[in-house]
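Chemist: Supplied in structure tokens, the structure appears directly below.
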Amino acid sequence: MAVEDYKGVFTFAQQVDNKLGSIAFELIGKGKELANDLGTEVTAVLLGKDVGNLADELGAYGADKVIVVDDPKLEKYRTEPYAQALTAVIKEFKPEIMLVGATAIGRDLGPTVSARVATGLTADCTGLDIGDFPIQPVAGQEQKHNQLLMTRPAFGGNTIATIACPDNRPQMATVRPGVMVKLPKDPNHKAEVINFDAKLEENDRYVEILEEVKNVAKVVDIMDAKILVSGGRGVGSPENFKILEDLAEAVGGTVSCSRAVVDNGWKPKDLQVGQTGKTVRPNVYFAIGISGAIQHVAGMEESDIIIAINKDETAPIFDVASYGIVGDLNKIVPMLTEQIKAQKAAAQ
């Protein structure tokens with residue numbers, strides 16, 4: 001493989017029902033940053049049926065080019081036709097970097113495609129940078145420059161690993177939603193649109209979709225919440241989360257939790273914040289009974305305001321908190337809730 005033949009940063013622009021997901025714009029934002037470091041361009045790859053109208057939106061969020069593969073076989077996500085299409089794009093255009101969102105679709109598509117183009121893939125990344133590999137020079141080993149350094153939690157989130165793919169191209173990664181920041185939308189920024197025929201061929205790996213059941217649960221995604229009231233092991237019990245729910249209702253927020261809470265079976269995985277959960281960026285983040293282990297902090301440290309309540313004054317959470325209250329959460333949280341309710345009532 002002649003790695004020097006591969007140029008550019010490509011991102012998979014995931015769409016469902018002809019609507020682009022936020023991860024598509026987040027990848028372009030990060031892709032633009034990587035492309036600037038490499039002196040190249042960022043190209044979004046858009047697969048689907050009748051999706052050409054979405055190219056302008058990708059351009060508005062920073063894509064320099066959009067490769068559109070428009071085919072009836074791509075109307076609904078199925079592994080085989082999508083893998084064929086993205087593989088064909090990679091083989092034809094030879095990107096140096098290929099980024100895919102670590103969504104349900106991306107976690108299926110990314111590894112399938114990486115195997116077909118004979119390259120590695122780092123899954124569920126929380127950080128991407130351009131740098132040297134090995135990071136520190138090693139005697140007798142060539143240090144290669146301008147490599148994609150892919151950071152992800154390892155060993156159950158107990159450590160952070162930085163991985164590179166110096167000898168194969170493209171360098172592929174799936175990226176956790178909510179980690180990267182999308183660029184401000186600029187309707188005047190237009191992308192060059194390239195229509196590409198991937199020459200899809202049906203085979204025995206094509207599946208037939210017999211029924212599609214949409215999730216109609218009205219559960220707020222914590223990644224979209226502006227205010228999060230998050231509880232940890234220190235809350236004490238699943239029943240005691242009621243005082244957090246009361247606070248969340250008073251401030252117009254959503255309840256979330258740490259990994260320890262999920263491991264204990266107190267709350268579902270969808271509400272978990274942290275390296276092995278979701279990365280959030282709310283305006284206000286209440287960390288209640290949360291010690292502040294690095295795995296949790298990595299998922300919420302970009303919050304605008306962090307308010308920590310913990311009885312242990314040495315808890316690491318206070319190192320990242322904007323405001324800290326040392327004391328018994330069972331007394332403090334209900335008092336805080338009542339004060340907020342009183343202030344709201346007085347203002348009406």
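Chemist: Cα convex hull of region 3-195: how many Å³ per residue?
Modeler: About 116 Å³ per residue, rounded to a whole number.
Chemist: Right, something else. Restricting to bridges with both residues inside the chain, how much of the DSSP beta-bridge set is antiparallel, in percent to the nearest 5?
Modeler: Of all bridge pairs located within the chain, approximately 20 percent are antiparallel.
Chemist: Can you tell me the dipole magnitude for region 227-347 around its Cα centre, using point charges on the Cβ only (Lys, Arg +1; Asp, Glu -1), in Debye to the nearest 20?
Modeler: 200
Chemist: Can you tell me which of 317-325, 336-344, 136-144 comes out highest on packing, and rank the rest after it, using the mean Cβ neighbours within 10 Å?
Modeler: 317-325, 336-344, 136-144
Chemist: Further, regarding this structure: Can you tell me the relative contact order of region 3-195? Whole percent, Cα pairs under 8 Å, sequence separation 6 or more.
Modeler: 29 percent.
Chemist: Roughly what % antiparallel, to the nearest 5, for the DSSP beta bridges in region 34-183?
Modeler: Bridges in region 34-183 are about 45 percent antiparallel.
Chemist: May I pose another question? Of G59, G265, L74, which is farthest towards the positive pole of the chain's charge dipole, taken about the Cα centre with +1 and -1 on the beta-carbons of Lys, Arg and Asp, Glu respectively?
Modeler: Towards the positive end, the residue furthest out is G265.
Chemist: Just want to confirm a number: the relative contact order over the chain, from Cα pairs under 8 angstrom separated by 6+ residues, in percent.
Modeler: So the answer I get is 14 percent.
Chemist: Here's something else I'd like to know. Could you point to the residue in G110, G131, L99 farthest towards the positive end of region 73-155's charge dipole, with +1 and -1 charges on the Cβ of Lys/Arg and Asp/Glu respectively?
Modeler: G110
Chemist: In degrees between 0 and 90, to the nearest 10, how far off the longest principal axis of the chain does helix 329-347 point, with axes built from Cα atoms?
Modeler: Approximately 90 degrees, to the nearest ten.
Chemist: Magnitude of the Cβ-charge dipole of the chain, K/R +1 and D/E -1, about the Cα centre, nearest 20 debye?
Modeler: In debye, rounded to 20, the chain gives about 600.
Chemist: What percent do you get for the relative contact order of region 183-311 when only Cα pairs under 8 Å and 6+ apart count?
Modeler: 23
Chemist: Looking at region 173-272, which trypsin sites (Lys or Arg not before Pro) are in a loop (DSSP not H, G, I, E or B) and have at most 15 other Cβ atoms within 10 Å?
Modeler: Sparse-neighbourhood loop trypsin sites (Lys or Arg not before Pro): K185, K190, K199, R205, K214, K218, K226.
Chemist: Here's another thing I want to ask about it. Angle, helix 241-251 long axis vs. longest principal axis of the chain, Cα atoms, 0 to 90°, nearest 10?
Modeler: 80
Chemist: Among the lysines, which have Cα under 22 Å from the Cα of K269 when same-chain residues fewer than 8 positions away are ignored?
Modeler: Filter leaves K214, K218, K226, K242, K278.
Chemist: Working from the pairwise distances between different alpha carbons, so that the mean of 1/r is found and then inverted, what is region 227-347's Kirkwood radius in Å?
Modeler: 14.0
None of the figures in this text is laboratory data; all of them are computed from the coordinates on show. All values reported here derive from a predicted model rather than from experimental measurement. Glycine also receives a Cβ, built like all others from the backbone with ideal geometry; neighbour counts cover every protein chain displayed.
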